Each structure stands twice: as C-alpha cells, then as structure tokens.
Amino acid sequence: MQVWGEPFEVKKFLRSLSPFQRNEKPFLSISISISISLFSVSSPAKPSPVPLPVGAQVPATLSLIAAARIVIARRIGLFTNTDFSKIIIKGFHTCGISRDCLRCNMGRNSMPVAAMDERERRNILMVSDFFYPNFGGVENHIFYLSQCLLKLGHKVVVMTHAYGKRSGVRYMTNGLKVYYVPWRPFLMQNTLPTFYGTLPILRTILIRERISLVHGHQAFSTLCHEALMHARTMGYKVVFTDHSLYGFADIGSIHMNKVLQFTLADVNQAICVSHTSKENTVLRSGIPPEKVFVVPNAVDTAMFKPAPKRLGYDEIIIVVISRLVYRKGADLLVEVIPEVCRLFPNVRFIVGGDGPKRVRLEEMREKHSLQDRVEMLGAVPHAQVRSVLISGHIFLNSSLTEAFCIAILEAASCGLLTVSTRVGGVPEVLPDDMIVLAEPVPGDMVRAITKAIHILPKIDPHVMHLRMKNLYSWHDVARRTEIVYDCALRCPSENLLQRLSRYLKCGAWAGKLFCLVMIVDFLFWQLLRLWKPLQDIEEVPDLVFPQHEYE
C-alpha cells in the first residue's frame, strides 16, 4: 500500500529533514512503516474520499495509535506538528476519509494530535458599527484583539459601515481585512436598522472568507444585532461582547434591553468586560449566567509608556480625555474644575475630547476666567493620546456609567495617578494604591482630587508602568477569547423550530413578534440560496503578511 500516493514522496520527505533528524533515520523508517501499516486497507490504493455523516467517528484504534506515535516521536524531536500532519492526514485520506471530515466530523477524543493545529485555526468575523477611523474603547478592543488573534494563527475579518470616503475593502496592520460596507451612519455612528437589508452582503462575506464564527460587539450597534441574527439563521456559531452598562427605568434603556434580549436569546456564548457588566447583562437580557464569560480589556503597554524624565510638582497638571457627553460626566466637570482651581492655585487642567457638552465647559471657563488654567484640546487622535497623558500628573475620569474604562489603563500605563468615579466596573480595573475613587457628586470628587494631590509624590510612574505590564496584556485577552470561541463551536447545531422556542420565552407579545422576524429571515435566506447559489460565490485566497508585535 502507498500512503503518499507515490513511493518516492517518503524518501523526498526524509531528505527534507535536518541533519539531526537524518541521524535518527532507522527509528524514523520504522515509525513511517508503522504509519503505513496503520493506514493500509484491503480496498484499492486510491479510493475517492467519502465524507462521513455528521457526528461519525474515525476508528478508535487507528486514531489512538497514531496519536500515541506522534507523542513519542515529538518527545525525541523528530517532527513538528506540521510534518506529522502531512503523514496522518494523508493516511486518513487513503483510508477513504476526506479532509473535511477530519476537520469537522471527528469527535474531540478521537482527534489526532497532528490535526489539532488545523482544527483550531478559526476564521472569525468581527462585526460592529464602531471601528477605525472612529475613536473609542470598542474600536481599540476590536483592533487589538484582532491583531493578537492574527498572531495566534487565526484569520480575522472586520465588518463595519462606511466612514466618509472610506468604503469597500481595506487592509490594516498585519493584514487585518476590513469590509467598510456602503451603509451610512444614521445616529451616533449607528446605521439605520433594516432588519433584512444586510443579509445579502453578510452572506457573501461569510462565504467568501470561509467564516466559521461571527463575533459581534456593543449592545447599541445596529450592524452587530443584524449580523448576529442573520448568522444564526444561516447556522453559524456566534459570540457577543457587551462593552457598556445600561439602566432599567428610562424609555431608551427599556427598548434597548428588549433588543438585547432578542439578540442574546440565540447566541452561543457572550463576553462581558467586567463582573459588574456581566450582572447587568444577565439582568437586562435574561441570558443564562453560565453562557457569559468575563474577559477584561487590556492596554498596549509598548505604546503607552511614561515620560523618560519625571515631572516636577511645582505645577500639578490634571488630564481629562473623554467624549464630552452626559454619560461621560461632562456636567460633573463643569462643577468640579472651578472648585479645584480655587483650592489649588498651582493646578492646571488639560481637557481632550469633543462632544455636545463642550459648549458648557467653554462657558464655565469664560465665567470663572480660567482661560490660562483650563486648556481645551478638542478631539485627540489616538496616536497622540500618550503625548497628552505624559504631560500630566493625574488622570481624571468623571463617567456616570462605565463597564470597563480603557482610558484608565492607558493613563496608569503612562504612570499617572487616577481619580475616578466609583461606578460600574471601574473599581475592578486597578489596585487601590493606583486609583482614588469617589462618588459621582462634585463635593466627593473634589475631596478625591485633594487626596490624590497629597499622595502624588509617592507615585513612581515607571514602577506603575511595570505593574500594568504584568496586570494587563492583549495576548492574554486573545487566549481567553479563544476559550470562548471553542465553547461556542462545541455547541450543538439546532434547527429553526428548536431556536424559535427560545424566542417565545421573550414575552407574551414580543416573543411572537421575534419568532415572526426570524421566520421571515429564514425564508429570505432560502430565497437568496436559490437566487445566488453557494457555488456562484468565489472564495478569496488568504494573504500572509509579516507580523508585528503587540503586548
């Protein structure tokens, strides 16, 4: 019997080994002979591969002996996983088992060790309305997570809406592919809800990129909700990450929570960025807590480093960098800044960011004649955030709600002492000696800033940076996210009727409406399959780019 199809291929493979490995040739020849005998069958030499039914198992004796052989040979350093994959996968192919079956239909316990690398490589589609060139915590999270997943060997594609003239397909660092679909933002960078308008283009992207899992980000991203709905209709596994906290009483929160309940009724797994965020998401959506993982954000410590020379304390500079909106506590700043300036004549503020509340800050500065002590920078590009941070001593965060504040991590990585409101997941972000917390009221915020000014000489920016380097890493976030992906992909596939039963539990009237939406979505998908069959959509080749380091 021939395993490789031609006898000389084994010899050619042996010649490709390193000198050390060729010295072990007698053992190697015996090993390959065992492999050939394992894969030998009484059928013709090259039977056409026949895919096994879903859930079928490869013969246990064959897979267990092959796996044992690989473990022994790897221990003495003869082969890498890639080398053994050539022998094992070709051997299964000779037995009449297709590669697709080897990747998809084999049970976890019968998977040969050599096939693990190929099985664990995921094609992931990140979907959100919030991505570059827009600036924010969600955008940073998606970018850095995608970069680290690319470094781990996965394929990552991002789908977002068009930004100005930025439309079509673009490539970013390390070959990160971004689809800027031709939808324009409707409100607060969100696209107009269309329910079914995104299905055709999403289906094309999923097929062209051979996507195996869809990962949506942010609860108030319209594109995210629609993509997760369509992906589940087409049978894909989906993961959702919630980056924000929402209330329960106001009309906007009530409607958003119902939309979140609709989306999370059928997701395979969910991720929250803090334990507080997890509790909030479970209460709002009714998703089972065991399906929700907590994976915090991180910071690129290679980019956010403290200033080489320590700043003096003759003048204390407090830095504020955030969107100037109500949710970020811009109104609180209007009350706090004049009082701090009155108490400490040597304190100066640098405010970076833009938004509808900027007018109030400008009026406050004029009213109290603080033009020389409050500097308004406007919108700050992310590449320039570090240069603003290292010019200050204290970072001030006045958010009224926050699931996890990446800006605090960036400031701490630059060596700034942080003063922040005690809201949401903020108390989980930093150790107590690196942050001063206060209630979101002006008086308590002023007292917290006073305390921070007094303990400021005890803070060593470089020591703080090293601590942040040990506490937070995007590589760790990526590895933990990989675990969530594995859990999602192990979830059993379900038909439409099984999925509809979960939507019915969303409410007496809402449940029936959700079921109707999903039935129409399913029918639309079937119509698209007839109008543009799978074989008419061309798959794109994967491009390999040199990898850059991210911490």
Of all residues in segment 283-299, which are hydrophobic (A, V, I, L, M, F, W, C) and either at pLDDT below 95 or farther than 18 Å from Phe262 by Cα (or both)? Leu283, Ile287, Phe293, Val294, Val295, Ala298, Val299
Matching residues in segment 230-262 - criterion: being open to solvent by 10 Å² or more (accessible area, probe 1.4 Å), within 21 Å of Thr481 (Cα to Cα) and in a helix (DSSP H, G or I): Arg232
Consider only pairs whose beta carbons are under 9 Å apart and that are at least six residues apart or on different chains; among these, list those whose first residue lies in segment 248-271 and is farther than 12 Å from Phe220 by Cα and whose second residue is open to solvent by less than 40 Å² (accessible area, probe 1.4 Å) and acidic (Asp, Glu). Leu264/Asp242; Ala270/Asp242; Ile271/Asp242
Yes or no: Pro457 closer than 20 Å to Ile316 by Cβ, modelled with pLDDT under 95 and either touching a Cys at 6+ places or on another chain (Cβ under 7 Å) or surrounded by fewer than 20 Cβ atoms within 10 Å (Cβ to Cβ) (or both)? yes
Can you list the helices (runs of 4 or more DSSP H) found entirely within segment 384-456 that contain at least 1 residues being of a type outside the set (Lys, Arg), under 24 Å from Arg327 (Cα atoms) and without any contact (Cβ under 8 Å) to a residue 24 or more places away in the chain? 442-455
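Just the residues that are in contact with a helix residue (DSSP H, G or I) (Cβ under 6 Å, 6 or more places away or on another chain) and over 17 Å from Met229 (Cα atoms), please, taken from segment 272-285. Working first, answer last.
Just the residues of segment 272-285 that are in contact with a helix residue (DSSP H, G or I) (Cβ under 6 Å, 6 or more places away or on another chain), to begin with: 272, 274, 282, 284-285.
Matches in segment 272-285: Cys272, Ser274, Val282, Arg284.
I'd like to verify a number: residues in segment 357-406 that are of a type outside the set (A, V, I, L, M, F, W, C) and touching a helix residue (DSSP H, G or I) at 6+ places or on another chain (Cβ under 9 Å), how many?
Looking only at that region, the number is 19.
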On the basis of being without any contact (Cβ under 8 Å) to a residue 12 or more places away in the chain and not hydrophobic (A, V, I, L, M, F, W, C), does Glu494 make the cut? yes
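The values are calculated or read from the model by the stated rules, or taken from the named source; none is laboratory data. Just so it is clear, the model here is predicted, and its values are computed rather than measured. Every residue, glycine as well, gets a Cβ built from its backbone with ideal geometry; the counts of neighbours run over all protein chains shown. Calculation scope for accessible area: heavy atoms of the full protein, side chains included, ligands and nucleic acids excluded. Shrake-Rupley method; radii C 1.70, N 1.55, O 1.52, S 1.80 Å.
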